[in-house]
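Shown next, in structure tokens, is the structure this report addresses.
The values are calculated or read from the model by the stated rules, or taken from the named source; none is laboratory data. As the structure is a computational prediction, the values presented were derived from the model and not from experiment. All Cβ positions, even for glycine, are placed from backbone atoms using ideal geometry, and neighbour counts span all protein chains on display. Ligands, DNA and RNA are excluded from the accessible area calculation, which covers all protein heavy atoms including side chains. Shrake-Rupley method; radii C 1.70, N 1.55, O 1.52, S 1.80 Å.
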Amino acid sequence: FAWMTPEQGSAVQKFVRGGGGALLLHNVTHIGTHNAQFRDVLGASYIGHPPVRTFKVKVTNPDHPITRGVRDFVVTDEQHYMTYDKDPKHILLESVNEAGLSYLTHGPAAPAGWAFEYGKGRVCYFSPGHLLTVLWNPEYVKLQKNAVRWLLKQS
């Protein structure tokens with residue numbers, strides 16, 4: 001099945017390369033499994049997730065404008081796992097099941113957020129967000145606001 005046509009993937013790619021900003025959330029990684037152009041913009045492809053469980057979202061790069069002033073936080077949500085294609089230096093967040101629960105053979109941790117320049121534009125992705133309550137977490141709200149400012153080149 002196709003969640004996005006090749007033409008739509010190309011349109012997103014052209015938009016971001018031309019200077020647009022893309023804030024991508026949660027299950028959008030699933031599109032990367034079916035659309036090469038979109039996957040190139042996003043930088044990842046979905047592997048899967050265990051049932052909803054509690055995990056910590058850890059800030060791995062506190063110096064980036066998106067994560068500045070954001071503390072680690074705990075959520076109960078789908079902990080998404082994906083194949084990350086870009087340079088690891090762009091990863092800002094990691095999800096960690098502190099009880100040590102893994103998913104398949106992937107261990108208890110997964111990349112949970114990244115940001116990078118793409119052509120003249122910018123891309124930011126956050127994996128938490130299946131449950132609406134997660135989007136309301138005060139630290140996650142800070143991340144989202146910071147991400148929008150960064151994508152719009154206001155920070």
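Work through the residues other than V12 whose Cβ is under 12 Å from its Cβ and net out their charges, Lys, Arg +1 and Asp, Glu -1. Write out the running numbers ahead of the final one.
Numbers: positive: K14, R17, R39; negative: E7, D40.
Result for the neighbourhood of V12: +1.
In nm, give the distance between the simple-model label positions of N27 and T5, each being 7 Å from the Cα along the Cα-to-Cβ direction.
2.3 nm
What is the local net charge at G121, summed over the other residues whose Cβ is closer than 11 Å to its Cβ (Lys, Arg +1; Asp, Glu -1)?
Numbers: positive: K14, R17, K120, R122, K153; negative: E117.
Once all neighbours under 11 Å are counted, the net charge is +4.
Using a 1.4 Å probe on the protein heavy atoms, what percent of the accessible area of the chain belongs to carbon and sulfur? Write down the numbers at each step before the final one.
Values: 4230 of 7480 Å².
Using a 1.4 Å probe with all protein chains present, the chain comes out at 57 percent carbon and sulfur.
FRET efficiency for E117 and T76, Cβ-Cβ distance as r, R0 = 30 Å, nearest 0.05?
Values: r = 33 Å, r/R0 = 1.11.
Efficiency at R0 = 30 Å is approximately 0.35.
Add -39500 (n - 2.57) for each DSSP H run of 4 or more in the chain, then divide by its residues: what number comes out at 222 nm, to the nearest 500 deg cm²/dmol?
Working: 4 runs with 37 residues, N = 155.
Computed mean residue ellipticity for the chain: -7000 deg cm²/dmol.
Using the Karplus curve 6.51 cos²θ - 1.76 cosθ + 1.60 with θ = phi - 60°, work out ³J(HN,Hα) for each residue of the stretch 81-96 in order, rounded to whole Hz, and write x for Gly and Pro.
These are the phi-based 3J(HN,Hα) values: 10, 8, 8, 8, 9, 8, 5, x, 5, 8, 6, 9, 9, 9, 9, 9 Hz.
Using amide H atoms built in the peptide plane, which far-off residues or other-chain residues are under 5 Å from Q79 H to H?
Those qualifying (amide H under 5 Å, at least 5 residues apart or on another chain) are R53.
In square angstrom, what is the accessible area per residue of the chain with a 1.4 angstrom probe? Don't skip to the end; give the middle numbers.
On the way: 7480 Å² over 155 residues.
Counting only protein heavy atoms, the per-residue value for the chain is 48 Å².
Please label the shape of the stretch 58-133 as rounded, prolate or oblate, based on the square roots a ≥ b ≥ c of the eigenvalues of the alpha-carbon gyration tensor (a/c under 1.5 means rounded; beyond that, a/b larger than b/c means prolate, else oblate). Can you show the working numbers first?
Details: a/c = 1.81, a/b = 1.45, b/c = 1.25.
Prolate, because a/c is 1.5 or more and a/b exceeds b/c.
Let me check I've understood the local charge: for D40, count other residues with C-beta under 11 angstrom from its C-beta, Lys and Arg +1, Asp and Glu -1. What total comes out? Spell out each step's value before the answer.
Details: positive: R17, R39, K86; negative: D85.
Overall, the nearby charge balance is +2.
For a Förster distance of 30 Å, can you work out the FRET efficiency between the beta-carbons of S102 and K153, rounded to the nearest 0.05?
Values: r = 38 Å, r/R0 = 1.28.
FRET efficiency, S102 to K153: 0.20.
Mind telling me which of A109, A22, A11 comes out most flexible in a GNM of the chain, alpha-carbon contacts under 10 Å?
Looking only at A109, A22, A11, the biggest GNM fluctuation is shown by A11.
Can you pull a Stokes-Einstein diffusion coefficient for the chain at 37 °C (0.692 mPa s), Rh from Kirkwood over Cα pairs, as a whole number of µm²/s? Write out the running numbers ahead of the final one.
On the way: Rh = 15.6 Å.
Translational D for this selection: 210 µm²/s.
Would you check the chain for Lys pairs whose C-alpha atoms are within less than 22 Å, ignoring same-chain pairs closer than 8 in sequence, and give me the count?
20
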